[in-house]
């Protein structure tokens, strides 16, 4: 069964919805890492704190009309705001084109919105909020089997398939990080950020021994669990491989720009790009390139 919608209208509608969601994501990206509410206070200029009028809050268009400056105080408005809106809008339109008038389209629009938010927050703060990773995992474990069942898959099989993807996604990355930590300790390697100044290396009887690793945050593990719940076992394996290649490029570019190797950087942008590529390409697409 398909969603009732006028032919030819789905992609433009998805684009507009994506632009609006992208505007909200800008609020999420800015406020959630700071522990602030995403609903109060209403949108305002961070420089003069004047409230933003509805007609000055139209995605992309208002930024162009205002020439990237606050109407009230003239402070510059970063290009990043319309960029997030436009990227989200284009991703929503692409999802609508790829999946058509089915229940997969709204589900995957939610998925890519979560990926955009996680990527940008991790880029800024090197953290991935549990509200996105764990919250997204819980939602995915409910909605993905529901959509699968809607299109004929038995409920038990749908739930197991989604849960297996989450387990493999989180488990593979956790295992890599755990082995890396143990090998690093055995070889006597030292990291500026791990275990931390004045702190000893975690022992097996401590939770940090299992959950705290050099070079990788547990947020990445949880994010891949959420991705696995949506894309399944094969999809999350594709995502991990793609993210590794993208991470090499991003990490190398950041190392060159900073003039230093070995500096930590957020991995979620690479994971998000890998997951989005996997969403639109056939299963095992990366393996077919070799």
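The values are calculated or read from the model by the stated rules, or taken from the named source; none is laboratory data. In this text, all values refer to a predicted model and were calculated from it rather than measured experimentally. Ideal geometry is used to build each Cβ from the backbone, glycine not excepted, and the neighbour counts take in all protein chains shown.
Consider residue 174 carefully, then state whether it is more than 21 Å from residue 275 (Cα to Cα) and in a helix (DSSP H, G or I). Spelling it out, it is not the case that residue 174 is more than 21 Å from residue 275 (Cα to Cα) and in a helix (DSSP H, G or I).
Each residue in segment 239-259 was checked for being at pLDDT below 90 and surrounded by 21 or more Cβ atoms within 10 Å (Cβ to Cβ), and 0 pass. With respect to residue 265, is the statement that it is touching a strand residue (DSSP E or B) at 6+ places or on another chain (Cβ under 8 Å), in contact (Cβ under 8 Å) with a residue 12 or more places away in the chain and assigned by TED's automatic domain parsing to the domain that holds residue 185 true? Criteria not met by residue 265.
Of all residues in segment 128-153, those being farther than 22 Å from residue 101 by Cα and surrounded by fewer than 17 Cβ atoms within 10 Å (Cβ to Cβ) number 5. Identify, please: which residue in segment 210-224 is touching a strand residue (DSSP E or B) at 6+ places or on another chain (Cβ under 8 Å) and without any contact (Cβ under 8 Å) to a residue 40 or more places away in the chain and is, among those, surrounded by the fewest Cβ atoms within 10 Å (Cβ to Cβ)? Filtering first and then ranking leaves 214.
Yes or no, residue by residue, for (1) farther than 28 Å from residue 281 by Cβ; (2) assigned to a helix (DSSP H, G or I); (3) in contact with a helix residue (DSSP H, G or I) (Cβ under 9 Å, 6 or more places away or on another chain):
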{"residue": "64", "(1), (2), (3)": "yes, yes, yes"}
{"residue": "67", "(1), (2), (3)": "yes, no, no"}
{"residue": "73", "(1), (2), (3)": "yes, no, no"}
{"residue": "96", "(1), (2), (3)": "no, yes, yes"}
{"residue": "109", "(1), (2), (3)": "no, yes, yes"}
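None of 27, 60, 21 is surrounded by 15 or more Cβ atoms within 10 Å (Cβ to Cβ), out of contact with any helix residue (DSSP H, G or I) (no Cβ under 7 Å at 6 or more places or on another chain) and in contact (Cβ under 8 Å) with a residue 12 or more places away in the chain except 27. The single residue among 183, 236 that is more than 30 Å from residue 84 (Cβ to Cβ) and modelled with pLDDT of 90 or more turns out to be 183. Restricting 262, 274, 225, 219 to those that are over 22 Å from residue 164 (Cα atoms) and either under 20 Å from the mean Cα position of the chain (by Cα) or modelled with pLDDT under 85 (or both) reduces the list to 262. Inspect segment 111-119 for any residue being part of a loop (DSSP other than H, G, I, E, B), in contact (Cβ under 8 Å) with a residue 24 or more places away in the chain and not assigned by TED's automatic domain parsing to the domain that holds residue 144 and give the result as yes or no. Checked segment 111-119: no residue is part of a loop (DSSP other than H, G, I, E, B), in contact (Cβ under 8 Å) with a residue 24 or more places away in the chain and not assigned by TED's automatic domain parsing to the domain that holds residue 144.
Across segment 148-201, the number of residues qualifying as over 15 Å from residue 229 (Cα atoms) and in contact with a strand residue (DSSP E or B) (Cβ under 9 Å, 6 or more places away or on another chain) comes to 9.
Evaluation of residue 102 against the conditions (1) more than 21 Å from residue 265 (Cα to Cα); (2) part of a helix (DSSP H, G or I); (3) touching a residue at least 24 places away in the same chain (Cβ under 8 Å) shows that the sole unmet condition is (2). Looking at the structure I just gave you, is residue 70 in contact with a strand residue (DSSP E or B) (Cβ under 9 Å, 6 or more places away or on another chain), more than 22 Å from residue 273 (Cα to Cα) and either surrounded by fewer than 18 Cβ atoms within 10 Å (Cβ to Cβ) or modelled with pLDDT of 85 or more (or both)? The answer is yes for residue 70. Restricting 227, 240, 159, 179 to those that are free of Cβ contacts under 8 Å to residues at least 12 places away in the same chain and part of a helix (DSSP H, G or I) reduces the list to 179.
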